Every structure is written in structure tokens, then in C-alpha cells.
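Student: Next up is a structure, given as C-alpha cells.
The values are calculated or read from the model by the stated rules, or taken from the named source; none is laboratory data. Being a predicted model, the structure only gives us computed values, none of them experimental. Note: ideal-geometry Cβ built from the backbone for every residue, glycine included; neighbour counts use all protein chains shown. Note: areas computed on protein heavy atoms with side chains; ligands, DNA, RNA excluded. Shrake-Rupley method; radii C 1.70, N 1.55, O 1.52, S 1.80 Å.
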Amino acid sequence: MTVNLEEYFRTTFEDKLLVKMPEREDDHLTPATRLLEKRREMSEVEQALAAQKEEFQMKMESLQQRREELERKEYQLKESLLKFDKFLKENDSKRARAIKKANDEKDLKKTKDKEIDRLKDEIGVLVREKDRLQKKLEKNVIYQKYLDKVIESAEEFHEIREVIARYDTLTATHIDLMEREQKNQGAVEEQKQKLMKYTEEKNNQILGYNNQLAGLQTRLDRAQSSAVKWESRWTHIKNTAAKKTLLLGRIKMATHNLFQLVNRHQKQASDVAIEETNDQLNRIQQFIQDLTQITQEIKRSEALAQSTAGASSS
């Protein structure tokens, strides 16, 4: 197989490389005549370049004059714009000062009006608060009369503040007892909730453990089934590994032989190690691309020569 590939590429590349270049029509001219012809062509090219350079220089001078004229007009326009802008700014400044003064006076008037409205509102609030307190005083007069009667009838109280102090003490004691009762009820309810939560958590844990056990049993069954399948696949892999290795070795050998053939055509020494198959393939690809490009250029040259010869004969 290796010998056949080498023979195929040798015959293919030699046929493509042995294409003859088309003969030039001026092969019968002497070297001196060719040199004179080349000098004449260079002289014509230099004259054409000098003419183009002179024309370009004249265009550049014309453009420079137009640019200077435009810059002068632009400077004059900027001066006019600056003067006009200064005039507008001065008018705007005067107008802004007048508007600011009028606005300041309006703002001051609005501030005073707001202050007047605020004071009126405060007076109204104070009047309403006075009326409310007066009504509350009139409403609480009966309590004053009631406390006076309590002091007259009770021997343990001599002043109204003693009655109020005793009432405050009893109220505070009642509130304290109610708070203790609420705390005790809250503690009992909290313990009940904790017990219910603990029982629910333990039940959930038992259910979770049962689910995990069932899942683990399922995973064990799957793992055992998968182990059997993977053992079968591993046996198949081991059986096919030798074939793949042999095929890889053949591919590397064929690539190396083709790489040596390319080096012989290029008359170059092999600078790539035998195990660097990728580098060898890259070198072969580059050689084929270069050869294809050379062949295409030769074909284009032949086609151009044929078309030129046909035009001359006609």
C-alpha cells in the first residue's frame, strides 16, 4: 500500500512540474539590444512619472492657495461671529439681571404670603386646641366632684392624689398580672408548637430516610446494570483498540512516506521528527497549495500567450 501511494504521487507531481514555460518572442535578440530596449522603456516611464509629478505639484500649489483663501475667509467669519456673540451675551446679561430682580421680588412676596398663611393656620389650630381643652375640662368636672365625695365618705383617704395613687397602683398590679398570664399562656402555647414541630420534623426525617433508602436501592440496581453494560463495552473497546492502533500506525507511515516524497521534490532535508504527524501534514498541504498556485499561474501565462499570438496573427 505504501509503495503504491509513493508511486502515484511521484508520477502525478512529476507530470505537473515538467510543464514547459512558453518561449518568448524576443529570444533571438542580443543582450545589448535587450538592454537598450529596457533602458528606452525605463526612460519613457521616468518621463511619464516626471510629467505626473509636475502636474501633481501644480495641483498642490493651487489647492494650497485655495486653502489659504478659505482660512482667511474663515478667520474673518470667526471675528464677525465673536463680535455678534459678545453683543448677544451683553444683551442677555442685562435681560437676565432684570428678570432675576423681578423673580426675586416675586419670590419674596410669595414667601411673605406663605408666612401669613402659616401664622393664620397656627392661630386656627391654637383656637381649636383651646376649645377642645375647654370642653374636656367641662366634661371632667364630674370626676372632680366624684373624688371629693369619695374623700368625704372614706376615712383612709385625705386628699385626691392619694385616691389617684391607689388607683394607679391597682391598675399597675392588674396590668402586671395580665402580662404574667399572657406570658404563661404564650410559654405553654410555644411549648406545644415546639412539640408539634419536633414531631413533624422527626416524621419528615423518617420519611426522607425511607425515600433515600429507596433511591439508593434504585441507584444500586442501576449501577449493577450499568456495570454489566460497561464491562461489555470495555471488552469491545479492548478488542477494537488493537485495530485502531494498527490503522493509526499505517496512517502515520503513509504520511511520513508522502512527507519524504515532498522533501525530495523540494530538495530539502527533513527537519520534522517522524512522530510529528501534524507538522508533516501541514508541510504536505503547503506544498500542494504552492504547486497548485504555480500550475494555475503557468496556465494563465499560456492562455495569455495564446491570446497575444492570436491577436498578432490577426
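Student: Among 137, 182, 154, flag the residue with its Cα farthest along the positive direction of the charge dipole of region 132-184, charges on Cβ as +1 for Lys/Arg and -1 for Asp/Glu.
Tutor: 137
Student: Okay, moving on. Between residue 290 and residue 245, what is the label-point separation in nm under the 7 Å Cα-to-beta-carbon projection?
Tutor: A separation of 3.7 nm, rounded to one decimal place.
Student: I would also like to ask the following. Give me the number: length gained by fully extending residue 137 to residue 91, i.e. 0.36 nm times residue separation minus the C-alpha to C-alpha distance, one decimal in nm. Each step should come with its number before you reach the end.
Tutor: On the way: separation 46, 0.36 × 46 = 16.56 nm, distance 6.86 nm.
Value of the extension gain: 9.7 nm.
Student: Ok, one more. When the Debye formula is applied to the Cα atoms of region 169-314, each taken as the same point scatterer, what base-10 log of I(q)/I(0) results at q = 0.14, 0.18 Å⁻¹?
Tutor: These q points yield log10 I(q)/I(0) values of -0.95, -1.10.
Student: By the scheme Lys and Arg +1, Asp and Glu -1, what is the net charge of all other residues having a beta-carbon under 14 Å from that of residue 160? Please report the intermediate quantities before stating the final value.
Tutor: Working: positive: 145, 149, 161, 166; negative: 148, 152, 156, 159, 162, 168.
Once all neighbours under 14 Å are counted, the net charge is -2.
Student: With a probe of 1.4 Å, find how much accessible area region 66-177 has per residue, and write the answer as a whole number in Å².
Tutor: Accessible surface, normalised per residue, equals 97 Å².
Student: Let me ask something additional. Taking only pairs that are 8 or more places apart or on different chains, how many Lys pairs in region 150-234 have Cα atoms under 21 angstrom apart? All intermediate terms of the calculation are to be shown ahead of the outcome.
Tutor: Working: 183/192; 183/194; 183/197; 192/202; 194/202.
Value for region 150-234: 5.
Student: What does the charge count around residue 250 come to, taking other residues whose C-beta lies under 12 Å from its C-beta (Lys +1, Arg +1, Asp -1, Glu -1)? Spell out each step's value before the answer.
Tutor: Working: positive: 243, 244, 252; negative: none.
With Lys, Arg at +1 and Asp, Glu at -1, the neighbours total +3.
Student: Once you put a point 7 Å from the Cα of residue 252 and another 7 Å from the Cα of residue 45, both along the Cβ direction, what distance in nm separates them?
Tutor: Rounded to a tenth, the inter-label distance reads 5.3 nm.
Student: Would you mind listing how long region 156-222 runs along its three principal axes, going by Cα atoms, in whole Å with the largest first?
Tutor: Principal axes ranked by extent give 94, 12, 6 Å for the Cα atoms.
Student: Quick one: if the Förster radius is 45 Å, what FRET efficiency do residue 185 and residue 214 give, using the C-beta to C-beta distance and rounding to 0.05? The partial results should precede the final answer.
Tutor: On the way: r = 43 Å, r/R0 = 0.96.
Result of the calculation: an efficiency of 0.55.
Student: Further, regarding this structure: Can you give me the % of accessible surface on region 182-314 that is carbon or sulfur? Probe 1.4 Å, all protein chains present, nothing else counted. Spell out each step's value before the answer.
Tutor: Working: 6090 of 10900 Å².
With neighbouring chains kept in place, the figure for region 182-314 is 56 percent.
Student: Still on this structure, please answer the following. So, for region 184-234, what is the accessible surface per residue at a probe of 1.4 Å, expressed in square angstrom? Please report the intermediate quantities before stating the final value.
Tutor: Values: 4790 Å² over 51 residues.
Accessible area per residue: 94 Å².
Student: OK, next. Distances over 28 Å make up what percent of all Cα-Cα pairs in the chain? Working shown, then result.
Tutor: Details: 41123 of 49141 pairs.
More than 28 Å apart: 84 percent of the Cα pairs in the chain.
Student: If you don't mind, there's one more thing I want to ask. Leaving ligands, DNA and RNA out of it, rank 262, 163, 125 by accessible area with a 1.4 Å probe, largest first.
Tutor: Details: 262 0, 163 25, 125 80 Å².
Largest accessible area first, the list is 125, 163, 262.
Student: Moving to a separate point now. When only the heavy atoms of the protein chains count and the probe is 1.4 Å, how do 83, 267, 38 rank by accessible area, highest first? The partial results should precede the final answer.
Tutor: Working: 83 145, 267 180, 38 110 Å².
Largest to smallest exposure gives the sequence 267, 83, 38.
Student: Got a sec? Charge dipole of region 98-183, +1 on Cβ for Lys and Arg, -1 for Asp and Glu; which of 127, 164, 98 is way out at the positive end?
Tutor: About the Cα centre, the residue reaching furthest to the positive side is 98.
Student: Select from the chain the helices, each a whole stretch of DSSP H, whose alpha-carbon atoms run 27 Å or more along the helix axis and whose Kyte-Doolittle mean is at least -0.5; answer none if there are none. Write down the numbers at each step before the final one.
Tutor: On the way: long enough: 31-153 (158 Å, -1.30); 160-266 (130 Å, -0.85); 277-313 (54 Å, -0.69).
Helices meeting the span and hydropathy rule in the chain: none at all.
Student: Quick one: give the max-minus-min coordinate of the C-alpha atoms of region 36-169 along each principal axis, largest first, in Å.
Tutor: So the three principal-axis extents are 154, 47, 17 Å.
Student: Continuing with this model, one more query. Roughly how many percent of the accessible protein surface of region 26-177 is carbon and sulfur, given a 1.4 Å probe and a whole-percent answer?
Tutor: Numbers: 8570 of 14600 Å².
Taking all protein chains in place, region 26-177 shows 59 percent carbon and sulfur surface.
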